[in-house]
Amino acid sequence: MKLDSFLNTTRSELESALQQTFNKAASATLRHAIHYSLLDGGKRLRPALVKAAAQVAGNDTPLWLVPAQALEMIHVYSLIHDDLPAMDNDDLRRGKPTNHKQFNEATAILAGDALQSEAFYLIAREQGLNDAQARAMTLALSSAAGASGMVAGQMIDLESEHQTLTLTQLADLHRLKTGALIKAALQLGAQCNATLDAALFTGLNDYGDAIGLAFQITDDILDVTSSTEVLGKPQGSDLAAEKSTYVSLLGLEGARQQANEQHQRATQALQSLNLTEESVLWQLADYVIQRNH
């Protein structure tokens, strides 16, 4: 399948499902704030990885939408909170005012809180998952999002401002802050199949680890080579915050080389699973390092 067609179909199915969420929220203001960020498009890379992994694992049903929605809710909650004045203090996200600028700080915090809770509610209530699957998905998502995953990465990122990190420290930071949820997407997709293949799970983990790092290295490159209009967020924000990046440590060409090395690691993992360049996962690895935003 052509990647554009896969991504467009995935995005359409996902956003149709997300549109139904929070419609019964007791507060209209809270619902509007949640939908402002949740239904704001974006690349939807993580849900695409969930769907692709589910298909590779042998489940071609719409069940992927359950963990994909949950994962996207966690991702969006993290973006809302990341943009807050106490964190990155950003005014622009996906080309429009950030949530706290559109509403206010308290509303943005609560919108993020609600998204986090709803993510696990979606998994817990899904009748199409057996108990073992629901437990495995809850463990995968909570581990990737919490104090041993994304949140830890955010904390280390804040503590690392105005400091020069080593390449090892930088890679560890990004494996937590960005890579953990990307890796979780592959795990959640594989868990859509009630019978989990251990070799497949290992291969998808290796692939996810590599493209998670490639994704962040590419972000570092785009932060200095793209524009605010294309990125949909302030260009040069990492430089302004005096953060260590692959570009600041290695230069532009060195960072590109690192991204290509991670891409090679990802494709080697796919080859171990007998997946070829025609597979969606291979095309997604290409997309991660070739995108312009």
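The values are calculated or read from the model by the stated rules, or taken from the named source; none is laboratory data. It should be emphasised that the depicted structure is a prediction, and the values quoted were computed from it without experimental measurement. For neighbour counting, all protein chains shown are included, and Cβ atoms are generated from backbone atoms with ideal geometry for every residue, glycine included.
Assorted remarks:
- ALA114 vs. criteria within 16 Å of the chain's Cα centre (by Cα), buried (at least 19 other Cβ atoms within 10 Å of the Cβ) and at negative phi: no
- Given (1) modelled with pLDDT under 95; (2) of a type in the set (D, E, K, R); (3) within 17 Å of the chain's Cα centre (by Cα), number of the condition GLU161 does not satisfy: (3)
- Among the criteria (1) at pLDDT below 95; (2) out of contact with any Asp or Glu (no Cβ under 9 Å at 6 or more places or on another chain), the one GLY41 does not fulfil is (2).
- Segment 76-104 residues that are farther than 22 Å from ARG31 by Cβ and in contact (Cβ under 8 Å) with a residue 60 or more places away in the chain, paired with ones that are part of a loop (DSSP other than H, G, I, E, B) and not β-branched (Val, Ile, Thr) (beta carbon under 6 Å, 6 or more apart): ASP90/ASP83; LEU92/LYS233; LEU92/PRO234; GLY95/GLY232
- Taken over segment 271-293, the criterion of being under 20 Å from ALA53 (Cβ atoms), of a type outside the set (D, E, K, R) and under 20 Å from the mean Cα position of the chain (by Cα) is satisfied by VAL280, LEU281, TRP282, GLN283, LEU284, ALA285, TYR287, VAL288, ILE289.
- Looking across segment 187-208, the residues that are without any contact (Cβ under 8 Å) to a residue 40 or more places away in the chain and either under 13 Å from GLN268 (Cα atoms) or buried (at least 24 other Cβ atoms within 10 Å of the Cβ) (or both) come down to THR202, ASN205.
- Criterion (assigned to a helix (DSSP H, G or I), in contact with a Leu (Cβ under 7 Å, 6 or more places away or on another chain) and surrounded by fewer than 22 Cβ atoms within 10 Å (Cβ to Cβ)) met by exactly one of LEU71, LEU49, LEU65, LEU14: LEU14
- Residues in segment 33-60 that are in contact (Cβ under 8 Å) with a residue 60 or more places away in the chain, of a type outside the set (Lys, Arg) and either more than 20 Å from LEU284 (Cα to Cα) or out of contact with any helix residue (DSSP H, G or I) (no Cβ under 7 Å at 6 or more places or on another chain) (or both): ALA33, ILE34, TYR36, SER37, LEU38, LEU45, GLN55, GLY58, ASN59.
- Qualifying residue in segment 82-99 (condition: exposed (fewer than 15 other Cβ atoms within 10 Å of the Cβ), among the polar types (S, T, N, Q) and modelled with pLDDT under 95): yes
- In segment 149-174, the residues that are over 15 Å from GLY212 (Cβ atoms) form Cβ pairs under 6 Å with partners that are of a type in the set (Ser, Thr, Tyr) and buried (at least 18 other Cβ atoms within 10 Å of the Cβ), at six or more places apart or across chains, as follows: THR164/SER244; LEU165/SER244.
- Residue check, ALA180 over 21 Å from HIS293 (Cα atoms), within 14 Å of the chain's Cα centre (by Cα) and at pLDDT 95 or above: no
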